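Enquirer: Right, I'll just put the structure down here and ask away after.
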Amino acid sequence: MESSSSSSSSLNSNPTAENDDQTTARRIHRLSLHLNPTLTDTTTIEMVTCAARAKLDVNTTQLTLFMRGKHRDLQEKVYEFFRSRPDLQTPIEISTEEHRELCMKQLLALVREAGIKPFKYVVDDPFVYFAIGEAAGSVDVSFGIKLGVQYSLWGGSVLNLGTKKHRDKYFDAIDNVEYPGCFAMTELHHGSNVQGLQTVATFDPLTDEFVIDTPNDGAIKWWIGNAAVHGKFATVFAKLMLPTHDARGFSDMGVHAFIVPIRDMETHETLPGVEIQDCGHKVGLNGVDNGALRFRSVRIPRDNLLNRFGDVARDGTYTSSLPTINKRFAATLGELVGGRVGLAYSSVGILKVAVTIATRYSLFRQQFGPPKQAEISILDYQSHQHKLMPMLASTYAFHFATLLLVEKYSEMKKTHDEELVADVHALSAGLKAYVTSYTSKSLSICREACGGHGYAAVNRFGSLRNDHDIFQTFEGDNTVLLQQVAADLLKQYKEKFKGGTLTVTWNYLRESMNAYLSQPNPLTSRWEGEDHLRDPKFQLDAFRYRTSRLLQSAAVRLQKHSKNLGGFGAWNRCLNHLLTLAESHIESVILETFIKAVKNCPDASSRAALKLVCDLYAMDRIWNDIGTYRNVDYMAPNKAKAIHKLTEYLSFQVRNITRELVDAFDMPDHVIRAPIGKQTPVEAYTEYRQHVGFQM
Ligand SMILES: Cc1cc2nc3c(=O)[nH]c(=O)nc-3n(C[C@H](O)[C@H](O)[C@H](O)COP(=O)(O)OP(=O)(O)OC[C@H]3O[C@@H](n4cnc5c(N)ncnc54)[C@H](O)[C@@H]3O)c2cc1C
């Protein structure tokens, strides 16, 4: 491959060629930069033509304290345990089989040796549970997911969908991984459309058992984590069939969850009637053993029905506190949102790692420079700032938004407040979809921003990208989840016009909807002063205006099209519009949360840094969607231009405090791991050379 220096020779054209002395001086200068990286910042900043103001003075200790999660001590315990156990660290090259065994060992060691037992926190204090999950995921993303399958999916289904008898019987053995288990919902023919599942559980009153059957090959449970190798049990989602005393024979009561043993407790042999196949090597997450399950008349006791929302008596009578199949289905799925909350939270953790590696490397990596002067840091190229600085700002924004989500979810688990349940359901769907999509794209951008060295496996982007990619699909496909957000917004919109109450996160629509219905103010649409653009009120108004407008127009379009196309057809006709609406709403919630976090930050210097980052987040998002604002004259051309200029300027300002901002994520060295993500260029290049085998 040709190196970029030859293809970019115009940048180094001859008039600027150095003589030997200059070359030596430049090399010495560069060496000194390696020894004292902060020098890089000051020298290169001077060369940037953009009018710079004084660099903010950030107190990293204070900012780190503010950013620190509540349960950092527990996370430190996890980090320390794995740091002290090289045998439990995942090597860069590992076979699928070894990786699966290693992940199981990591899980067992966490629980049985380090004594960190996540299960009790799944319901009692989810904040702690997610903190442990994040720490486990930093050891190996596969390990984090394996832990999630055991405790959040398999364990969570038993706790959330079962009753006391299930908790009493299974809690301890799930807790200490004596009962590794699976969550078997997805089928070969039905993934997102859970209501279309075909596996059946038929009640047999003669033996007081359910009979689990896979009626056709499309109903084979597919992709089931823990199934291929380790699982002893599975929570199987199946249509409950009850015998009737009429010609129909059976009545379909809708999808319910059942505990089905799949392997012998002693021999680990697959049990009679159960067939298990391995889903094989995947694009990523190969430490998790995904498998496929087929059932042929597998009998389980009646007690194995997870009966929180519907029960079957000895005589086959069905009882439920919920009146319809749809309500029971919604309640069942509603209990499973914890997985989504966890994924959104972990996705931000992965984004922090990637952004830290990419920005640290971009700070010390130097390519080209003005004639006869030192090369400059690649982060001083405007294009590079454009790639990484809004991403850094978004990482901060998502940090606060997912904290809010976890807080709301924890509160919901305690109070079961109905309004909060609805709020968390939509917020978790929206944030999971938005954040994981953003992180997936960012991982590629980070890789590219680090050039060829970003492609070395040791520098982590490849495994992070491959392991994280599926976050967009499991626990609800992102496109499907965003539609749930849009549907909820439309429901709230109708409520508003009926005079009903709006749930907490949606409250802003009450005011902004009124603002939308009036015309944009021709005066404010021209205001372009920096103070105005950086005023949180202007920013929030702009975000909310966009959402309200999209909501109102979506409602009108849906009504218009449903006359000819029916509800389903009209929805499909407006689908892209609806997805944009959902994203716009989520961005409004993210910005609102960020603004509040800035306000609540007790340390003045950290508050100033966060305000800068928050402004960049807001400007970047507005600029990203400037067409929408221009189309309706919400912003005049001069204002749009001012926003663009301000976005670039803020990116530049954020670049000046990048080191402090990424350090405040406080990612321990062994979490960053990538040599090019080390604190100083000396450390980074030394470790990187050693990795390739050069003696130091
Ligand atoms: C590694 C891995 C682990 C998994 N672990 C488990 C597990 O432990 N247990 C379990 O039960 N499942 C598991 N799954 C399954 C996972 O939950 C499903 O893959 C997911 O729900 C999506 O379903 P699907 O794959 O059938 O995709 P589909 O639903 O077929 O979606 C395919 C595409 O169609 C689009 N699409 C679908 N419906 C719509 C719509 N209404 N509007 C617009 N677009 C639409 C989607 O956006 C997507 O791009 C796992 C999957 C993987 C890959």
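The values are calculated or read from the model by the stated rules, or taken from the named source; none is laboratory data. In this text, all values refer to a predicted model and were calculated from it rather than measured experimentally. Cβ coordinates were reconstructed from backbone atoms using ideal geometry, including for glycine residues, and neighbour counts include every protein chain displayed. Please note that ligands, DNA and RNA were not included when accessible areas were found on the heavy atoms of the full protein model with its side chains. Shrake-Rupley method; radii C 1.70, N 1.55, O 1.52, S 1.80 Å.
Enquirer: Would you pick out the residues in segment 202-256 that are hydroxyl-bearing (Ser, Thr, Tyr) and either away from the ligand (no atom under 16 Å from the Cβ) or within 20 Å of residue 146 (Cα to Cα) (or both)?
Expert: 202, 207, 235, 244, 251
Enquirer: Please specify each residue of segment 361-393 satisfying the condition of being open to solvent by less than 20 Å² (accessible area, probe 1.4 Å) and either under 18 Å from the mean Cα position of the chain (by Cα) or of a type in the set (D, E, K, R) (or both).
Expert: Those that are open to solvent by less than 20 Å² (accessible area, probe 1.4 Å) and either under 18 Å from the mean Cα position of the chain (by Cα) or of a type in the set (D, E, K, R) (or both): 380, 390, 391, 392, 393.
Enquirer: Here's something else I'd like to know. Which of the residues that make up segment 190-238 are under 33 Å from the mean Cα position of the chain (by Cα) and at positive phi?
Expert: Across segment 190-238, the qualifying residues are 223, 226.
Enquirer: Here is a follow-up. Determine whether residue 199 is farther than 16 Å from residue 148 by Cα and within 15 Å of the ligand (Cβ to nearest atom).
Expert: Yes; evaluated as a whole, the condition is true for this residue.
Enquirer: Taking the residues in segment 476-489 that are within 24 Å of residue 349 (Cβ to Cβ) and open to solvent by less than 50 Å² (accessible area, probe 1.4 Å) as candidates, determine which candidate is farthest from the ligand (Cβ to nearest atom).
Expert: 485
For (1) within 14 Å of the chain's Cα centre (by Cα); (2) part of a loop (DSSP other than H, G, I, E, B), each residue gets a yes or a no:
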{"position": "430", "(1), (2)": "yes, no"}
{"position": "441", "(1), (2)": "yes, no"}
{"position": "446", "(1), (2)": "no, no"}
{"position": "453", "(1), (2)": "no, no"}
{"position": "463", "(1), (2)": "no, no"}
{"position": "471", "(1), (2)": "yes, no"}
{"position": "475", "(1), (2)": "yes, yes"}
{"position": "484", "(1), (2)": "no, no"}
{"position": "487", "(1), (2)": "no, no"}
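Enquirer: Moving on. In segment 592-637, what residues are touching a Cys at 6+ places or on another chain (Cβ under 8 Å) and within 30 Å of residue 519 (Cα to Cα)?
Expert: Selection gives 594, 595.
Enquirer: Follow-up question, since we're still on this one. May I ask you to verify whether residue 554 is within 16 Å of the ligand (Cβ to nearest atom), over 23 Å from the mean Cα position of the chain (by Cα), closer than 29 Å to residue 524 by Cα and in a helix (DSSP H, G or I)?
Expert: Yes: the conditions hold for residue 554.
Enquirer: Which one of these is open to solvent by less than 40 Å² (accessible area, probe 1.4 Å) and away from the ligand (no atom under 16 Å from the Cβ): 304, 326, 290?
Expert: Just a single option satisfies the conditions, and that option is 304.
Enquirer: Still on this model: Out of segment 317-351, which residues are among the β-branched types (Val, Ile, Thr) and part of a helix (DSSP H, G or I)?
Expert: If the condition is that a residue be among the β-branched types (Val, Ile, Thr) and part of a helix (DSSP H, G or I), then 325, 332, 341, 348, 350 are the ones that fit.
Enquirer: So which pairs qualify, if the first residue must be in segment 462-483 and within 14 Å of residue 282 (Cα to Cα), the second must be within 9 Å of the ligand (Cβ to nearest atom) and basic (Lys, Arg), the Cβ gap must be under 9 Å, and the two must be at least 6 apart or on different chains?
Expert: 466/282; 470/282
Enquirer: Right, something else. Taking segment 157-196 as the region of interest, how many residues are open to solvent by 60 Å² or more (accessible area, probe 1.4 Å) and within 16 Å of the ligand (Cβ to nearest atom)?
Expert: Qualifying residue count for the region: 5.
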